[in-house]
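A.B. asks: Take a look at this one; I'll ask things after.
The values are calculated or read from the model by the stated rules, or taken from the named source; none is laboratory data. All values reported here derive from a predicted model rather than from experimental measurement. Glycine gets a Cβ as well: all are built from the backbone with ideal geometry, and neighbour counts include every protein chain shown.
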Amino acid sequence: MTVERRNQAVRAAVEQGLLSEDQPVAALLDVAGIRESAAALRAAFAAVTDAPVLHAFAVKATPLVPVLALLNAEGIGAEVASPGELALARAAGVRPEHTVLDSPAKTTAELREAFALGIAVNADNPQELARIDALAADGVASPVGVRVNAQIGAGSIGALSTATATSKFGVALRDEGAREAVVRMYLDRPWLTRLHTHSGSQGIPLARMAEGVAAVYELAEEINAAVGRQQIDTVDIGGGLPVNFASDETDPTFAAYARLLKERVPGLLDGRYGLVTEFGRALIAKHGTTLARVEYAKVSGSRPIAVTHAGVQVATRTVYDPVSWPLRIAAYDGKGLPSTAPETVQDIAGPACFAGDLLAEGRSLPRLEQGDVIAALDTGAYYFSSHYGYNSLPRPAVYGFGVRAGAVEFSPVRAAQSVAEIVAEAGGDRADALLG
């Protein structure tokens with residue numbers, strides 16, 4: 001999202017009443033920015049390979065049907081990891097052949113549904129593969145692969161490092177006998193035609209991501225040589241391109257990653273293998289902004305504190321792990337214009353009733369006052385769409401926006417959650433369930 005578009009959108013959101021006493025938080029998605037990211041992804045890989053490439057958006061990053069439908073219209077499919085995510089993708093019109101099912105805990109029912117629909121499946125472990133064997137007695141119409149953990153090491157955020165020695169995802173490739181066992185899986189199953197890995201995520205450098213892709217390519221070559229034909233025709237390289245949360249710059253880019261793969265793993269991109277990617281955060285994060293009213297401005301221990309309505313419910317990772325997930329905050333006045341107040345070191349607090357509910361601590365910003373507006377930037381992925389119901393705080397409304405003829409137009413993506421809906425989710429119609 002460009003600074004100019006963001007400033008236009010914030011001012012229009014305030015002027016059009018998207019922030020109010022009843023709805024003091026609102027989330028914005030830059031439709032043009034999302035389209036630009038989708039085009040950049042397609043172009044990046046088209047520049048390095050002539051083979052077919054399916055770009056499947058990681059639904060967990062922004063599980064909102066209108067977002068999935070927008071990406072689908074831009075040629076981006078869906079990577080799903082639960083029945084709920086699959087239902088969202090289907091509701092958005094994503095075709096089965098553009099859908100990939102990944103999960104470390106697929107049930108028999110999930111697998112059966114995927115095969116009935118013709119959705120590609122990546123098996124996580126030998127027991128799941130045995131389950132697929134039973135379902136595949138009459139043949140498998142879906143593309144099926146095996147996920148391997150290349151065990152290349154961790155990045156700077158341990159919880160998101162999927163390729164460590166003990167990661168829960170996939171077959172650990174460097175464990176004793178594991179490589180031979182994976183080759184045998186393919187020798188015994190001519191219908192296994194894909195290989196899958198995911199070495200990236202926030203905190204993983206590009207060179208390490210490329211190392212993981214190189215490892216799975218070498219395994220694919222080894223399997224095809226053992227079989228005596230190109231049984232593996234598609235390699236799923238996952239996603240995980242990190243996002244720069246420090247500025248408005250998009251760095252690294254999809255183009256830089258694709259060029260690195262061309263340099264480090266040229267055989268993968270020489271046209272013999274189809275590709276699948278599963279990017280999420282990198283497509284959406286920088287195109288989302290969370291707005292919140294400053295309800296109170298106070299001072300504690302001589303430090304100013306702006307108490308807002310955006311906290312742990314929309315920025316869970318930032319609140320609980322601010323070192324790994326710092327957020328940029330922009331300050332606006334009550335009219336939605338960039339604040340011109342003198343800068344001061346202050347805290348930006350959320351509405352939850354624990355001391356650590358802070359979007360930013362000790363941050364130098366224009367001094368915020370009651371009635372001002374804060375914007376939490378780069379929140380398009382894993383923030384307002386992945387709600388955390390602490391204090392029974394409601395999910396905020398989400399709006400897509402575009403700029404036409406100089407005017408900002410908003411499209412509702414998701415309505416704000418009502419108090420009545422919170423009560424209903426909490427068993428409001430069963431108040432006497434434990435009394436009898």
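A.B. asks: Suppose we filter 243, 314, 276 for residues that are closer than 24 Å to residue 400 by Cβ, hydrophobic (A, V, I, L, M, F, W, C) and outside the structural domain of residue 10 (by TED's automatic domain parsing); which single one remains?
C.D. replies: When all the criteria are applied, what remains is 243.
A.B. asks: Next up: Just checking: which of the strands (runs of 3 or more DSSP E) contained wholly in the range 340-400 hold 3 or more residues that are in contact with a helix residue (DSSP H, G or I) (Cβ under 8 Å, 6 or more places away or on another chain)?
C.D. replies: Ranges flagged: 373-377.
A.B. asks: Further, regarding this structure: Quickly run through the range 1-18 and pick out the residues that are surrounded by 17 or more Cβ atoms within 10 Å (Cβ to Cβ) and over 25 Å from residue 244 (Cβ atoms).
C.D. replies: 11, 12, 14, 18
A.B. asks: Return only the number of the condition from (1) touching a residue at least 24 places away in the same chain (Cβ under 8 Å); (2) not in a loop (DSSP other than H, G, I, E, B) that residue 299 does not satisfy.
C.D. replies: Residue 299 satisfies every listed condition except (1).
A.B. asks: Moving to a separate point now. Of 369, 343, 361, which residue is touching a Ser or Thr at 6+ places or on another chain (Cβ under 6 Å) and either in contact (Cβ under 8 Å) with a residue 60 or more places away in the chain or surrounded by fewer than 16 Cβ atoms within 10 Å (Cβ to Cβ) (or both)?
C.D. replies: 343
A.B. asks: Please determine, by comparing only the residues of the range 194-225 that are at pLDDT 95 or above and small (Gly, Ala, Ser), which one is farthest from residue 322 (Cα to Cα).
C.D. replies: Out of the qualifying residues, it is 225.
A.B. asks: Return the pair list, or none, for Cβ contacts closer than 8 Å from residues in the range 397-410 that are within 21 Å of residue 71 (Cβ to Cβ) and outside the structural domain of residue 69 (by TED's automatic domain parsing) to residues that are surrounded by fewer than 19 Cβ atoms within 10 Å (Cβ to Cβ) and polar (S, T, N, Q), at least 6 apart or on different chains.
C.D. replies: 397/23; 399/411; 400/411; 401/411; 402/411; 403/8; 410/16
A.B. asks: Output the number of the condition that residue 12 fails; it satisfies all remaining conditions of (1) free of Cβ contacts under 8 Å to residues at least 12 places away in the same chain; (2) assigned by TED's automatic domain parsing to the domain that holds residue 382; (3) small (Gly, Ala, Ser).
C.D. replies: Residue 12 satisfies every listed condition except (1).
A.B. asks: Right, something else. Residue by residue through the range 18-76, note down the ones that are part of a loop (DSSP other than H, G, I, E, B), under 28 Å from residue 329 (Cβ atoms) and under 15 Å from the mean Cα position of the chain (by Cα).
C.D. replies: Across the range 18-76, the qualifying residues are 62, 63, 64.
A.B. asks: Related question: With (1) surrounded by fewer than 16 Cβ atoms within 10 Å (Cβ to Cβ); (2) of a type in the set (A, V, I, L, M); (3) in contact (Cβ under 8 Å) with a residue 12 or more places away in the chain as the list, and residue 216 as the residue in question, which single condition is left unmet?
C.D. replies: Failing condition for residue 216: (1).
A.B. asks: Exactly one of (1) outside the structural domain of residue 393 (by TED's automatic domain parsing); (2) basic (Lys, Arg); (3) closer than 22 Å to residue 311 by Cα is unmet by residue 35. Its number?
C.D. replies: Every listed condition holds for residue 35 apart from (3).
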